[in-house]
Each structure stands twice: as C-alpha cells, then as structure tokens.
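The values are calculated or read from the model by the stated rules, or taken from the named source; none is laboratory data. Keep in mind that what you see is a predicted model, and the values were worked out from it rather than measured. Because the Cβ atoms are built from the backbone with ideal geometry, glycine has one as well, and the counts that use them run over all protein chains shown. Surface areas here come from the heavy atoms of the whole protein model, side chains and all, with no ligands, DNA or RNA. Shrake-Rupley method; radii C 1.70, N 1.55, O 1.52, S 1.80 Å.
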2 protein chains.
Amino acid sequence: MRIIVALLVLCTAATSAHADEGMWTYNGFPKAKLEKKYGVKVDDAWLDHVRLSSARLAQGCSASFVSPNGLVLTNHHCVESCLQDLSSAEKDYLATGFQAKTAADEVKCPVMEVNQLVEITDVTARLKKATAGLTGQKFNDAQKAESGRIETECQTSPALRCNVVTLYHGGRYDLYRYRRYQDVRMVFAPEFAIAFFGGDPDNFMFPRYDLDMSLVRVYDDGKPLQSKDFLAWNPAGPSEGDVVFVSGHPGGTDRQLTMAELQYQRDVQLPATLMRLSELRGALTEFQNRGPEQKRVSNGLLFMVENSLKALKGEREALVDRDFFAQKAAAEAAFRKKLGGRKDGRAALQAYASIQQAEDLKRNVRDEVNYVMGPAGFMTSYFQFARTLVRGADERQRKNEDRLEEYQEAKLPAVTQSLFSSAPIDDEFEIFKLTWSLTKLRETLGPDHAFTKRVLGQESPAEVAKRLVSGTKLRDLALRKQLWEGGKAAVDASQDPMIAFARAVDPDARAVRKMYEDEIESVVKKGSETIAQARLALEGTSGYPDATFTLRLSYGTVKGWTEGKKVVPAFTTLEGAFARDTGRAPFALPKSWLDAKPRLDLQTRFDFAATTDIIGGNSGSPVVARDGRIVGLVFDGNIWSLGGKYGFDEKLNRTVAVDTAAITEALDKIYGATRILEELIPRRKPHAAN
Amino acid sequence: MRIIVALLVLCTAATSAHADEGMWTYNGFPKAKLEKKYGVKVDDAWLDHVRLSSARLAQGCSASFVSPNGLVLTNHHCVESCLQDLSSAEKDYLATGFQAKTAADEVKCPVMEVNQLVEITDVTARLKKATAGLTGQKFNDAQKAESGRIETECQTSPALRCNVVTLYHGGRYDLYRYRRYQDVRMVFAPEFAIAFFGGDPDNFMFPRYDLDMSLVRVYDDGKPLQSKDFLAWNPAGPSEGDVVFVSGHPGGTDRQLTMAELQYQRDVQLPATLMRLSELRGALTEFQNRGPEQKRVSNGLLFMVENSLKALKGEREALVDRDFFAQKAAAEAAFRKKLGGRKDGRAALQAYASIQQAEDLKRNVRDEVNYVMGPAGFMTSYFQFARTLVRGADERQRKNEDRLEEYQEAKLPAVTQSLFSSAPIDDEFEIFKLTWSLTKLRETLGPDHAFTKRVLGQESPAEVAKRLVSGTKLRDLALRKQLWEGGKAAVDASQDPMIAFARAVDPDARAVRKMYEDEIESVVKKGSETIAQARLALEGTSGYPDATFTLRLSYGTVKGWTEGKKVVPAFTTLEGAFARDTGRAPFALPKSWLDAKPRLDLQTRFDFAATTDIIGGNSGSPVVARDGRIVGLVFDGNIWSLGGKYGFDEKLNRTVAVDTAAITEALDKIYGATRILEELIPRRKPHAAN
C-alpha cells in the first residue's frame, strides 16, 4: 500500500535511456523520449487535461476525478481513516463497506482535503535572490521567509493552496497553486476484507486480489463540484503491453542523496524506525485482543504501522544490497572526481563535507530531535490538539515570515481542519498510545535526562498518561474552537492539564528545533542546493527531480516480470480471489462476494502490474491509457518496487493496480451500485443486479 | 545484564599491550604481562584454585563457590527462571524474594546445572588429523564425528560433561572436562525489585544500584557438596584502583571475524533480530496487561527479550560506527596484503572468498534457516518437548557419531534435564507465544511457501496454536518420560497432536539443516580455521581467543571513567538507591529496604565499575582480589561495554559488579540471613538484625 510512507534497484538516471524510469513533472515531461520509445504522442492539451483530472489527498494519497459531478476515485486505504471516523461501536463501515444509495446519503469526511493542481510557476530566481550569499541559520530563515511571502501572495483565498516546491534538491523552485476542497463526502467503499484481501502478508506482493478502491465526491459551496476535467471511464481495462500513464503524487524518493545521507538512513534512521514500529506493532496486535471495540478503534493505526514496516524493510533491503550500495558510492566518487577537475567544483565538494558533518551531528542529536523536538513521546490526538493550540496562539501573534513554517497564513486551513476534526476519540486507546510512547521516551532519552524528568516527574508513564487523558477536556470540539479563536489570552488562561503539559514541554521542543534547523537542516539544504546546481551545470536537466509529493506523470506498459525461473503474469482474475479464500482473515472473502459468485464473470481481470515508476503517495493514482481514459487504479507496488526509493530497476519494479474491469464488475454484480455506474458510464445499459 | 545473549571499541589485539583487554584461557594466561603492568604475580596454584572455585551455569551464566559446603554465588537474573519455576499464583518468589531459613528449606531448581572445569587437554592434533584434506560436508561430518568420539571417551560418567572447544576459530581445539552437578537448590534471593532496581532503563548503565545476587547450593548424592576449592569472602569489598580478576564464562565475542561476517551481522542478522525482539517486546508488554497472573508468567521472557534488545542494540551501534568499521576493514586489508606476499598465503586468501560466498548464501536462506530449520515459528515449550522426543527417538537409534550433534551420548544429560523439567507451564501464555510466532512464520516465509502451507493449512495461526496447545498432553511429565524411554516405537505410535506436528515438520527442518551445515557452516568453519592457522603462523599466539562460553580470566582495576566532561566514579552507595527511589516500578525499592533504612550504613558501597574485559555470559562471575578472596559479583557492563562484542575500548568499557560489602550489609541488616552469613564468614560476630 503506497501511502506517503514511501517504497531494489540496479540502475540510476544514467541507465534510464531505455527504461520506464522517471517521475516527471508536468512541465518537464519528456514527450520526445516517450514518442521515440513507444511511438506514442501526447500534446500539451492532453497533459493539461490529465493534470486537471488528477487530484491529491492532502493527508497523503493521490486520486482522480472520474465524472463531471465531482466524483473522485481513490483507494480504500486512502479513505480508511474517514470510514473509521464515521463508524461507531454500532456501525462499522470497515466491516460492512459504505454505499450512498442517494445523493443525500453522501456523508462528509471529518478530515479530508482534495487538491487540484491548477498552475505551476518557476520561482527559482526569487528564492535564489533572497538567500544569495547566506549560510546556516540565515540561509534557512531567509528561504522560509521568502517562501512564506510567495505562498501568501499566491493564496488569495482559503479555496487555494499554494506551496513553494523544492525540486532537484534546490536546483529549482516552483510555486504550485492548487484548488483546495475540504468538503469531501463518502460515496462508496467495499468491505475492508476485499479492499485489503490477503492483509499484511500479501501487501506489496503480486499476484494480488484486492478491490482497493473507494469513491468520494467533492462538494463546492454545498453542491457537487461541476467540472469538465475528469477521466472518462473505460470499463474494459487495459490489455497486456498497452502503454499507460500514472498521474499522481509520489511522496518522496531519495535517488539523488549523498552517500553521507544514505549511510545515515541505512545505519541509523531506518533501523531505529523499524525497531520502533515493530514494537508498536506487537503492542497494537495484542491491544486488539482486549476486545472487538478495541480492535475496531486501533485497526487504522495497526494498518499504518504494518504498511510502513513492510515498506521501510524493503527500502532498507535496497541499501544493504552490497552491489547497489557500491554502485551508489562509485557514482558519487565519479561525480566528485569530475568536480575536482573544475575550478567551480570547489563549492560543491565543500558541500559534501558539510553534509557529512551535519549527518554526523544528526546521529548524536536524533533522540532529542525525535523525543524533545518531535512528538514521538506524546502519541495522542489530545497532545496534537494541545500543541497546535499552544503554538498556534504564540505563532499567530508574529509576523507571517517570522512564524514556524506550519503556522504561516497559507498553511492555516490545513491546521484548523485537523484541529476541528469531529472524528471520535477513544480514551482507552489514547491512554494506551500515550503510555507506550512515554515509555519509549524514557527509554530513549534515559530516566536521568532533564526532559524525561520534566515530563514524568516522579510518576510512571502509565500514571502520566492516565492523568492527562482523563483530565483533559479537549475532546470537546467547541472548546478547541473557543481556545483557537480566543488566541494567546485564552490558551494562557486554560487550566486544561493537556494544555498545561504542552505549554511545559514547548520551550525545550523549540530550543531543539532551532538547533536542528540552524545546524542540520539548513546545512543539508544549502549543501544539496549547491551540489544540485553543480550537477545541473555539468549534466543539464534531462533527468527528473526526486519525488516530493507533487504531481508527476510516469509512463510504462502493462507487463509482468520474471524472477529466476518464475514468470509472474501481468493480470490476475476474480477467479483467483476465490481460489485464495480460506475463510480466515486476512484471506476471507466477504459474504457479498461469496453470495455474488454465481453471477460473476470469474475471468474478469482483477489486478494488474505495470512498469510505471511510482512510490508511496501514488496510492489512488489513476492509470490512464493513451486515449485519456482511465483503465486502472494504483494501490500498491510489488516487493521489488520498495527499493524504488533509492533507484529504479526496470526488470523487477512494478506498479500494482486495480483493473477498471474488476471495479465495474463488482459495482454492478456484487454491490448493485447502479447510481454510481450510471454516473461513470453515462450511456450504460442497466444490468440485473442484486 | 550479561547473560549469554551477548554484548565501541577502538582497539583490537594489536594495541592491547597496555590495555586490560583480554579474555584469557587459564592455560594461556599472560602472567608476565600482568606482572609487568601491575607488579602483581600469580602462580599456577593461584590459577588452579580460582579455576576450581569458578562455576558455569549450563543455561548461560557464570558463578563461584563461596563456601566449603557447596554454596554458590551468582546473579539474581541467573536464577530468575528457577524462581519463576518454583513460584505459583499463590507464592511469587520474584516479588517476595526467597530465603531458606534452614537447610531443609533449600528447594531444588527444576532446570539448573552447575559445571566445574576440572581439566583442559589439547586435542588439536586429533581433530586436524580427522579432517585433513576435507572440505564442505565431509569436513563437517568428520569434525563432528571426531569431536563426538573424543567427548564420549572423556565422559566416563553422567557426572562429567566433556566439550571439545574451538579456540581461535579453529586455530586450536581443547577438550574441556567439567564436573557436572544437576541437583542445585535455591538458598537465597532478594526481591526482583532490588535485584533489578531501575529495570530496563538502567540496564547496561552505570551508576547503578542493584543487588543482583543470589545463592544456590550444589548437592552431591543428596548432600551439600564438600569442597576445598571456594573463594573466601571479603566483606569489605575492593578499593578504587585495586587490581582485580574476573573468572567466568564470556559467551561469545566476534573480534576476529572477517569483514564478510561482520557485514552480514551489521546489515542482516542484527537488524532482523532487533525487529523481531522489538515486536515481541511490544506484544509481551501488552500481554502483561491481561492481568497479574499473566504478568507473572511472562515476566521472565520479557526480561530476556528486553535484555537482549539492549545488548544487541549496543552491538549494532559499534558496527555502524564509521571509524570503527573502517578500522576493522583496514586491519583485514593489511592482513590480506601480508598473505598476498607469501606463497603459503593463498589458501587463507581463498578462505576469505569462500566465507564471503557462504555469507551471501546465508542472506538468501536465512528465513528458511530460522523458520524451517529453526524453531522461530514454534515458540512454545510443548514444541520443544515434542521435537526432542521425535528427534531423540530417531537419533538414538543411530551410531553416536552419525547423530545430530545435540543427541550424541555426551549431550544427553542436558537434553533430558530440559525434557524432564517440572517447571509449570501456562497454556494461555503458550497459546499467545505460539500464535505470535506462527504469525511471524507466515509473514517471513510468506503465505504461499510450501512450509507455511504445511504448518497452517487452511487455519489461522491462532487456530493452529489453540488446537495444538489445548490438545497436547505433553504437560504430563510422566508421559514425556514414558515417550522418551519408549523410544521410536512409542513416539511413532503417539497420537498427541504436538508430537504429530513435530513429526510433520521434521523432514523439511532436517533438509534445511543439512543444506545449512554442508554449504554454509562447514565452509565458514573450514575457512576460519585456515585463516586462524595462517594468523598463528604469521603472528604467533600472543593474543587471546574469541570468547566461546568457556572459562576465561580477565584482569583490570576498579575504576570509573570519563565521558567528555562527565566523570563517572567507580562506586555507588546504598544511599544512592534511596535517592533514586520514586516508589514506582522499576524505581521502587522493596518494603524490606524501606523498613531497614534506619539500620543501614548508607555509605556502604553498593555497585562498582572495573576495567576487566567481559561480555554476556560473564553474569555471575566473581570479582577476585590478588589475595584470592572474592570482593564483587559481576552482573552487568556499562553501555560502552556492549561494543565489546567486536573490540575492547579501554577508556570506556567497564564491568559492573555488586560489592561484597553491599551483599554483606543487606544479608545482615535487611534480610537477617544469619545462617548464610555464618557460612560465608565463619568467625563472624553475630549482629542484631530484624
């Protein structure tokens, strides 16, 4: 499952001439290269149409408009938290699925934001000018201030979202202007059991049998959004060998990192994160045994944790592959040698050294960065609310460019959407999470660390967690609104224990953050920019930038692969799902499927593999045919795609998508979703369904 | 806590001239070096006496005889499983501690074996002759067969234990002959709360405040063992700067491994183990919330898991230290260069290549090695019983030298002690462990692996676990005895579901084992032997061999250390424990201590640090003064000692021990253990106690 938590890999940019590698920006799409390789022409109108038909879910997924009435197709796992927010002990939409039989039945998701990319503007010159000659803290401050100014100028209404985007690690800066929609309503979702059939064991695997899809609708001014930009539905799906495109938002790749950064990830960051997630997984799995309601409220987090674990394990595998790592090292050494031969290469060589120093410093301070600066020790929604209120009150008193980035004016709509979420909160689960994370804080910083003492005093982690969660009133949405609107005076006057707690830990958190930004982040940013510019000067811009959760277009073909003697075909069928059913989760088909089996065309293609280059964040991306129609829905990559974080291996790396043929067949014969089908396929003949 | 699960390190053998580095064999102790550095002379009589006063706990700890009547001092954490075995829902000795007020109150530990090293014989020539000219499977088979013959010839009675020991990775082979005692009875243990005060947060830390001690008694023929070899008790403990010796059984170091092996550990083995243990920790921690009895039965495993986690994390830290790893690489490169310059160096260079190949193969088959060959998927005592019965029946039909190593005659007393253990088993906990581990098996091998299908069929891991644990009758000790004694006919006829399960998975397990032994283990063994011999030829035997859980003697001084500006003193006091008490576990002193506080000399030294070179397995080792008296009890190392697995850093690596002064004070004024004190200190004046 390719949510934003990202994705072996044998070749890098140098070898991509004949590969389908590349997550291309829309304003840098290699039309000529595509035509040369596949004989397929796309023009600017085609690109504009696909771009405007694409959507981003701000919480970390991709999507597409599939009707003129604001119907948006994405993955089930991208709307899972909405389904959980809408569910209760009495009504569990993850178990039963969701279908709005009429327009009036479409229900708003508490926290969901859809973005449509309407404009891209090059702002490199402005950014460069603002930071010219600066380093360290001054570089960082100037860059943030200028980005904030650009974004605020751009964002002339809350209905817009403007982001200054760093490409090529600072080689280029673009302003991305999105149309922002926060009224997003649930239309259809199948049962979790078929959306995630095979569960964690089958995740990132292929062959695969998942209906990982859902439909939501974007409302504008209380009415379904009317739009001419949407992808027409092809109910037949693609054929093997078809050229296809994936338009979506790959969350992040690290294909252009320095060796110092890769070594840090391999030796420090990834192992530590994997251990933390593993432990949390163990605790959550057993928490679920407390009872069915505990299981229900913790399913979403467990899914996130398991999905991240599997993805990050795959990424680590790529970095500990000796040949791959040696190749990365050789490529950097070769580039540095080139730099060494040029007068203007000195700055870039110096940048490598600075980045190495910053990475070494990061090793030493990473525990503080995670547990004092970051909220790794405070895993509860209540703390998130409290920190937002405390910081929001402080920050909003300042000039826009002096604020912490996430409280600049352009960012506030996203902040308040989370703060004012009506999603239910389960106190037992909050206590569980906070106890566990406070215990990790004590373990990581040590019981004698001043911050541990400030947080725990003489109490145990469980006592602190219970006291704070039981004592806080922040469950009350009206109170949160009142505190936000009351600003600093209101927040300062609050006696709420969680607010008091967030206030007490904030000075330490801010101090570490300042150190981190001034001594590490700014050094890496500035250094990366210097190297990127040297690379652009030496090698030009024929490559694509590392992914940064901005809209990209990949191309490739529908194709299986070969592993040793094993040939993996491109398609699975509905029949395969029935063959895999054991009746036990996660291999248990839902009753609706078992009941519908006699009516189904079991040869209908279910999921398929393609050579398109994607990564976490591409979840929900449409697979588009050359005629501009949608033929599939990306929901995963194969196990080999996980190394795609660091490089693309054309032989093995595959996108995994749901076939529109399977979606059509299921909506029709399993779910009887006539209203939806008629919207997707306007001239469709009605079919006898259940 | 330094049980056998092992333990930055800046210098290796080359720089040890002035360091206290070295885990010396008793027949290779550097008397001259010691005298040169510290002016301390030890003679052979002194060495023999300390050796015979030392003891090994076969389950993975060290110990020492401290009275003429078989009284043995070791750590609390070395007898924790015995205390747990003796406890019940009604009587929890971990909570209350244990004290046999009279000889009759001393209770036998179900599974505990004490070994005393009585003789060392060089058998290198015999082993070399048996394997001359052989490689691969033939090398392995011949070596095992010859070792088995030597051990069986040596072991003329079940009261002996004979082990052929590999030193210098095959540079030398010694036969170690031990006196074996299996009747070991609990005499004294304090409360877990003070034995492990500070819990996991303080583990591997210093300053430290733990009374991690216990006393057991060795019985021979039903009566306390009479022996003249024991360490006289020094109730005053050591002084700062004193030269001290640690006599114990370091479990294993990897200071002489090749880079290929180190890379495998760094990139594959350690991260995977850490993830598994992290997840198990999370699950166990939350299992404990099911209730007090669930907490009690799972405490032992949780301790083991957390202890291993912290130790292995420290080991990994050493390997990802860039300078340290680069130094290891440089040392190997230098040695290989030396080999390259000599005619007789070719075989050793070829051995490096073979080991690299074997390590690469290991990466590819490690999941099968752990989950098909090994019991990683079958975490329950019942499966251990069943596998022992099934394999024992098969193996005992064969000639001794054709058997799997662990079923050779010389090994059977250890096998039957575990099989016939009367330790209680909690079925809820067994189901929990088996469910969890079967889930890991499915995850690791994948649901489509033939072995996964054989194990699970159409059932879920939880269903299989419940069916097997509920259905087996192997809880019944008499049945286990009957099946063992009945041999193959009895085992084959058994309908017990766990026996049937163990039978069903055995052919696959044996097949992977054969592949592993023939293609990996034998290659690494043979290659290591070749390299070791080349090293001995080039550099002589001035160094010590890597630790292998055989008796070693380290020397050093009682000494703190300095970290940057922080000076860590050598001693802590009882007063410090009271200052650290928060009243909340794991920082809660037991009631006995709080009550006794007014009577205590709070300036009594509690724990201390020394520069002696130790590692996991040294837990329970005596700290011996030059006069041969015991002054301390090793129970831990500081955080810097964990990298000792790969090299010794004299500046930072410290042993952590309980001072005999604290033990004396506590036995006297807290526990009123007059009977024990009179045995430890024969001419002692009685003291008014509670």
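Quick notes on this structure:
- For the range B:536-601, a simple Cβ point-charge model (Lys and Arg +1, Asp and Glu -1, everything else neutral) yields a dipole of about 320 debye relative to the Cα centre.
- ³J(HN,Hα), Karplus 6.51/-1.76/1.60, whole Hz, each residue of the range A:189-206, x for Gly, Pro: 8, x, 5, 3, 4, 9, 4, 10, 4, x, x, 4, x, 8, 4, 6, 10, 7
- Positive-end residue of A:P68, A:Q226, A:N163, charge dipole of chain A with Cβ unit charges: A:N163
- Quotient of C-alpha Rg and 2.2 N^0.38 Å, computed over the protein assembly as shown: 0.97
- For A:V123, residues with placed amide H under 5 Å, excluding near neighbours: A:Y173, A:D174, A:L175
- Shielding of B:578-589 by partner chains, average beta-carbon count, 10 Å: 2
- Helix-derived mean residue ellipticity, 222 nm - over chain B, DSSP H n ≥ 4, -39500 (n - 2.57), to 500: -13500 deg cm²/dmol
- Protein accessible area in the range B:483-572, 1.4 Å probe - carbon and sulfur %: 57
- Taken one residue at a time, the phi angles of the range A:43-55 give Karplus couplings (6.51, -1.76, 1.60, θ = phi - 60°) of 10, 5, 5, 4, 4, 4, 5, 5, 4, 6, 7, 8, 9 Hz. Gly and Pro are set to x.
- Cross-link reach list, lysines versus A:K33, counting only Cα pairs under 22 Å and skipping chain neighbours closer than eight places: A:K41, A:K559, A:K651
- Proximal aspartates and glutamates relative to B:K338, as straight alpha-carbon distance under 17 Å, when same-chain residues fewer than 8 apart are discounted: B:E539
- Ascending list, in nanometres, of distances separating the A:R475 label from those of the other copies (7 Å, Cα toward Cβ): 4.1
- Along its principal axes, chain B has C-alpha extents of 67, 65, 50 angstrom, given from the largest down.
- Residues with amide H under 5 Å from that of B:F606, placed H, sequence gap 5 or more: B:T572, B:T573, B:L574
- At least 30 Å² accessible surface lost relative to isolated chain, residues of the range B:192-222 (1.4 Å probe): B:P201
- The Kirkwood hydrodynamic radius of the range A:173-298, based on inverse pair distances between different Cα atoms, is 20.2 Å.
- Under the criterion of Cα pairs below 8 Å and six or more residues apart, the relative contact order for the range B:265-334 equals 34 percent.
- Between the amide H of B:G556 and those of B:V244, distances stay under 5 Å, these residues lying 5 or more places away or on another chain, with hydrogens modeled in the peptide plane.
- Taking every protein chain into account, the accessible area of the protein assembly as shown amounts to 37 square angstrom per residue (probe 1.4 Å).
- Of the residues making up the range B:319-347, those losing 50 Å² or more of accessible area when the isolated chain is joined by the remaining protein chains, with a 1.4 Å probe, are B:V320, B:R322.
- Residue pairs exceeding 18 angstrom between C-alpha atoms, taken from A:K440/A:K466; A:K295/A:K433; B:K399/B:K481: B:K399/B:K481.
- Other copies of A:K651: label-to-label distances in nm, shortest first, labels 7 Å along the beta-carbon direction: 4.6
- Relative to the other identical copies, B:T562 shows label-point distances of 6.6 nm, where the label point lies 7 Å from Cα along the Cβ direction and values run shortest first.
- For the protein assembly as shown, size of Cβ-based charge dipole, Lys and Arg +1, Asp and Glu -1, in debye: 1820
- Cα centroid separation, the range B:138-158 to the range B:589-631: 41 Å.
- Sum of side-chain charges, A:A130 neighbourhood, beta-carbon under 14 Å (Lys, Arg +1; Asp, Glu -1): +2
- The phi torsions of the range B:659-669, fed into the Karplus equation with coefficients 6.51, -1.76 and 1.60 and a -60° offset, translate into couplings of 6, 4, 4, 5, 4, 4, 4, 5, 4, 6, 8 Hz, rounded to whole numbers, with Gly and Pro shown as x.
- Under 11 Å, Cβ to Cβ, from B:A189 - net charge with Lys/Arg +1 and Asp/Glu -1: -3
- Take the accessible area of chain B alone and of chain A alone, subtract that of the pair, and you get about 3600 Å² summed over both chains, using a 1.4 Å probe.
- Positive dipole terminus of chain B, leading residue within B:P292, B:F608, B:A478 (C-beta point charges): B:F608
- With a threshold of 19 Å on the Cα-Cα distance, the over-threshold entries among A:K129/A:K343; B:K223/B:K411; A:K362/A:K525; B:K128/B:K645 are A:K129/A:K343; B:K223/B:K411; B:K128/B:K645.
- For the range B:538-690, the relative contact order is 21 percent, taking Cα pairs closer than 8 Å that sit 6 or more residues apart in sequence and dividing their mean separation by the residue count.
- Using the Cβ of B:G340 as centre and a radius below 13 Å, the other residues enclosed give a net charge of +4, where K and R count +1 and D and E count -1.
- Given charges at beta-carbon only (K, R positive; D, E negative), |dipole| of the range A:85-184 in Debye: 560
- Computed over the range B:265-334, the P(r) tail beyond 18 angstrom holds 52 percent of alpha carbon pairs.
- Cα-based reach from B:K488 at 16 Å (exclusive), listing aspartates and glutamates while leaving out same-chain residues under 8 positions away: B:D394, B:E395, B:D496, B:D506
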